[in-house]
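These notes concern the structure reproduced below.
The values are calculated or read from the model by the stated rules, or taken from the named source; none is laboratory data. Note that the coordinates shown come from a computational prediction; the quantities given were computed from them, not determined experimentally. In this analysis, Cβ positions are derived from the backbone assuming ideal geometry, glycine residues included, and neighbour counts consider all displayed protein chains.
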């Protein structure tokens, strides 16, 4: 029987589209691709893991590593970057509905402190029963420790728990621990898959 529903945050409960964000500055496509590789592919996990306390710290470190990109990094890595986290209204409403149906709902996310501070102002954050976040634990999905921390800290049984995440390797890591996984590609298919699972369980 499923009792616990765990949500990732980025691309599940809020928007997170680095490519669109970088394009909004009017950079050339080559510059966008270079920044995607430099900032988001190489260094974003360290930011989420808490290696950089704030975006300002990451910006200063990356400018030292990539001085030729100083102007672009100064533009992109400002504290207001978090505004790209627009609320996904459909998923947030679904989370509230699941809570009202008696399920316990949790958050498990690779999240920087800057993102955490921004997202805590959103209503869904105050409707959940608990959560574990990478910057606080200094470990990122898909490393098992983050999942294990959620299970132990919140007293969850893996077979009673389902996890929704937009990344296949994060779902695979959850399933290795006995947690049910649903890959979130869009709201309609993910919610339908969850409802099917809830009816079977």
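Observations on the model:
- Residue check, residue 182 buried (at least 18 other Cβ atoms within 10 Å of the Cβ), assigned to a helix (DSSP H, G or I) and within 15 Å of the chain's Cα centre (by Cα): no
- Among the residues of region 16-36, those identified as outside any helix (DSSP H, G or I) and within 23 Å of residue 86 (Cα to Cα) are 16, 17, 24, 25, 26, 27.
- For residue 145: the one exception among (1) surrounded by fewer than 20 Cβ atoms within 10 Å (Cβ to Cβ); (2) closer than 25 Å to residue 46 by Cβ; (3) touching a strand residue (DSSP E or B) at 6+ places or on another chain (Cβ under 8 Å): (3)
- Conditions (1) touching a strand residue (DSSP E or B) at 6+ places or on another chain (Cβ under 8 Å); (2) not assigned by TED's automatic domain parsing to the domain that holds residue 177; number of the one not met by residue 74: (1)
- Region 64-93: number of residues that are over 21 Å from the mean Cα position of the chain (by Cα) and buried (at least 17 other Cβ atoms within 10 Å of the Cβ): 4
- Residue count for region 146-161 satisfying the condition of being more than 16 Å from the chain's Cα centre (by Cα) and closer than 16 Å to residue 175 by Cβ: 8.
- Exactly one residue among 174, 96, 193 is outside the structural domain of residue 77 (by TED's automatic domain parsing), surrounded by fewer than 22 Cβ atoms within 10 Å (Cβ to Cβ) and in contact with a strand residue (DSSP E or B) (Cβ under 7 Å, 6 or more places away or on another chain), and that residue is 193.
- Per-region count, region 12-53, residues surrounded by 13 or more Cβ atoms within 10 Å (Cβ to Cβ), over 28 Å from residue 185 (Cβ atoms) and either at pLDDT below 95 or out of contact with any helix residue (DSSP H, G or I) (no Cβ under 6 Å at 6 or more places or on another chain) (or both): 3
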